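Worksheet: the structure to be examined is printed underneath.
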Amino acid sequence: MLSYALRTLIRMVLTFFVIVTIVFFATRLSGNAVDFVIGEGMTTEDRDLLIKYYELDRPIWSQYLAFLRAFTDGQFGLSFIERRPVSEMVLERIWPSTQLLLSAVGLTVLVSIPLGIAAAIWRKSWIGSAVMVVAFLGYAVPNFVLAIVMVLLFSYWLNWLPVVGNGTALHFIMPTVALAGVLIAALTRFTRNAMLDVLGQDFMRTARAKGLPENAVILRHGLRNAGITILSVIGLQVAGLAASGSVVIEAIFAWPGIGDLLVSSALRRDYPVLQFGVLTVALAVIVINAAVDLAYAWADPRLRHTVKG
Amino acid sequence: MLKLLLSTALAAGLASGACAQEITVGAANVSSYLDPGRDHSNVGSQFYYNAFDTLIGKNHDKLEAEWVPALATEWKLVEPKVMELTLRDGVTFHNGEAMTADDVVFSLNRMYQADFPPYVVRSRDRLSNFLKAEKVDDLTVRVTVEKEEPLWETLLNLQQVMIIPEDYTKALTGDPEVAEHDDFEAFSLAPVGTGPYRIAEFVPGERVVYERFDDFWGEKAPLAKATVQHIPETASRVTALKTGEADIVTNIAPDQLALIEADKNLRTVGSATPLFHVMIMNVNHPKLKDPRIRQALSLAIDRDTLNEALWLGKAVVPSTHTLEEYGDLYMPELKTFEYNPEKARQLLKEAGYDGFEVTFDTHPTYYTNGLLAAQAITEMWAEVGVKGRVNIAEKWSGRSPEMMTRNWSNPMYFADPFGSFGVMWAPNGPSEGEGRFNTDAQYAEIWERFRFSKDVEARKAAYAELMERIRQDPPVLPLYRPFESWAMRKDVSWAPKPGHIPYVLDFRAGSISFASN
């Protein structure tokens, strides 16, 4: 288990370095920051003065080295636009996004695992069919459509729920449901399929033959074995959501999260913020993936043994 | 008994509502930094007037300039090029420090003798005639200009010369005795002024929270607290207004007005903002060098139709680059720009237009109706036989030699033709600096007369000459003053005041009130 964890760690570090480099060069492919930071309508003299002041005239290799150095001394520089440390800007946005992500994942797990199990057990009855229809619908509706429909219904017409920001628990309801919608649909289907695979296995029959009650058979033997698949799907979905999924939802609900920051800094070519923000998200994705890897190994002893061998 | 309880509760609620007024504004944009000196953006101008003062104030209820005492109580010319100002006694900054002549000298010289690059840039385009400010005694300062200045009050009323505290600013970083660049950077995140509201919280790009400043020298602020919250989506802003999460929202597009007006609890106010959306034409583009081609591109545009179609007729289409706010220098009698498709066709023929494509660059969303206007304009060109193409890009192309035409805005930075046309189209100004406009010695001579003549008639005559130059060899066509709207709860009484520069959210005494029930 320890060497498995070590390998995971090394892979993380390598991935991170590659991402650092790609992020640095890719952000700069999208256009010269000068055109965006300095703004429009300016004399050449003024423009040169500001370029020098904002250090936009440094050669790219020197910027790259400075960027790498930032990892050792923790100085990620100042935002071109807001003129404050980018680490501060990114860090204050991470918590609201994380909260939203966790509440969406929590809701997903709470709803879709029971639904998926129900759909597997009663797959031939109307219950199974109903769950699957809802799951398909959920999969087909993009999250921003769901968000806008909810806003219309619960805020605009009924005036039950607030739409702006993350001030209270009530603020979480619509963005959480909007983000969780697609996840619930996906995870319900995966849970159902994984359970179906497991339900027909020999060990399930053995468990029943031992005289275990049906609940215990399904939860302890069935779910535990289907867990690997379910876990990997959760990991993938969460990582995807962390990387991109909440940008639109954050804009609709004026949620002060990292998606909003990334989009605005990309539009303004605020490279220091953009690259630090993308890196933070990349790091989050890597950590989530590693955590899922480790969780597999914990859930399935076979996996860590094969790796060792 | 129940009745009594209810009515008591009701009365208490009303009373507390009346004296502890708090509002939330849902804004399409919130500043990334707050420093009145370095900023001249439309986003920034929303925020400064509540928290900062200038030496000379303005009666904003009037369209035309009426100067009133602010941080200076009196001012007079002591020499042709020296203005002496008497400072108001007993003014306190939001951090508790008393305002002194030193603070005033520091604030003015941070612009007049700018060394911090963002100040240098702002100072050059509007304050280059101002040499220095000096302290005479604790309540007297003198300001010296290079050439005799016809616009003293106007230029002492600028946002850029709002007064900030010296000691506080210098002590923000590094040596507390020296004004370093980093001090000004830090100030723009923790701004302190003398206005009726202090900035209690500022989260760049997200939120500005004002709180009433009890030691304000003038009439007390009507609101205990005002929060300006970033709500980027128009639909979310409107919804926030309906749910009561916002009391006022900014930047409502013309097509949303009817929706809001249909709600009996809401209302909208609007005004034709003192700025022009313009079309610029690159005089140095090889294919547009012949002025007749540019004249034709301009003459082919039916701006009244654009106004009807895009702004429900609520925008204002000008005959020349002039605004009503200029007072004596408002010159609607000049006919610099017109719609005349026959003449356009004829000029194109004379110039030998061979059907080459003319591109019109626009950002997809930056200007309200910008993209629609661009599409309509190329259609109008097609009517006179010009092949136009809309080129959508986020990047500012005004500096590019390949740029043929595009949209831009010419805001009124201050109420004088110098504050709009004058800043943008000065000799060696931004337009010439970007290589899409040329001036010569004659233009510069006229411009000098326009800028510095003390006699209003002489300034007007010079401005008319400048407009004639622009008509003959056009680099620009002002399309319209866009109609900008705000929406609010019906019981909120607020409207943009006519004497302000664009977009100011003015919550000072007399600017906002609430219906009594």
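General observations
- Our estimate of slack between A:E88 and A:S62, defined as 0.36 nm per intervening residue step minus the Cα-Cα distance, is 7.0 nm.
- Under the combined filter of DSSP loop state and at most 16 neighbouring Cβ atoms within 10 Å, region A:44-133 retains these trypsin sites (Lys or Arg not before Pro): A:R123, A:K124.
- Expected 222 nm ellipticity per residue - DSSP helices of 4 or more, -39500 (n - 2.57), all of chain B, to 500: -8500 deg cm²/dmol
- For region B:149-206 versus region A:233-293, the spacing of their alpha-carbon centroids is 34 Å.
- Simple spin-label estimate for B:E468 and B:N59 in nanometres, 7 Å along Cα-Cβ: 3.6 nm
- Positive minus negative residues near B:N438 (Lys, Arg vs Asp, Glu; Cβ under 13 Å): 0
- Inter-chain Cβ neighbour count for A:195-208, averaged per residue, equals 0 (cutoff 10 Å, partner chain atoms only).
- Per residue of peptide A:251-263, the mean number of Cβ atoms on other chains within 10 Å of the residue Cβ is 3.
- Local charge for B:D89 was computed over the other residues whose Cβ lies under 13 Å away, with Lys and Arg +1 and Asp and Glu -1, and equals -2.
- Partner aspartates and glutamates whose Cα lies under 17 Å from the Cα of B:K81, excluding those fewer than 8 positions away in the same chain, are identified as B:E134, B:E146, B:E148, B:E149, B:E153, B:E448, B:D455.
- Computed across chain A, the Kirkwood radius stands at 22.4 Å (inverse of mean 1/r, all Cα pairs).
- Computed E for A:T72/A:V149 - FRET, C-beta separation, R0 41 angstrom, nearest 0.05: 0.25
- For the residue pairs B:K62/B:K490; B:K62/B:K147; B:K314/B:K335; B:K454/B:K497; B:K289/B:K335; B:K170/B:K460, the C-alpha atoms sit more than 32 angstrom apart in B:K170/B:K460.
- Estimated purely from DSSP H runs of n ≥ 4, each contributing -39500 (n - 2.57), the mean residue ellipticity at 222 nm for chain A is -24000 deg cm²/dmol once divided by its residues.
- Region B:125-144-region A:187-214 distance, computed between alpha-carbon centres (Å): 85 Å
- Legend: mean number of C-beta atoms from other chains within 10 angstrom of residue C-beta atoms, peptide B:236-246, equals 6.
- Largest-first ellipsoid semi-axes for the protein assembly as shown, taking √(5λ) over the Cα gyration tensor eigenvalues, angstrom: 54, 32, 29
We did not get these values from a lab; they are worked out from the coordinates using the rules stated. Note that the structure is a prediction, hence the values are computed from the model and not measured. So basically every Cβ, Gly included, is an ideal-geometry build from the backbone, and we count neighbours across all protein chains shown.
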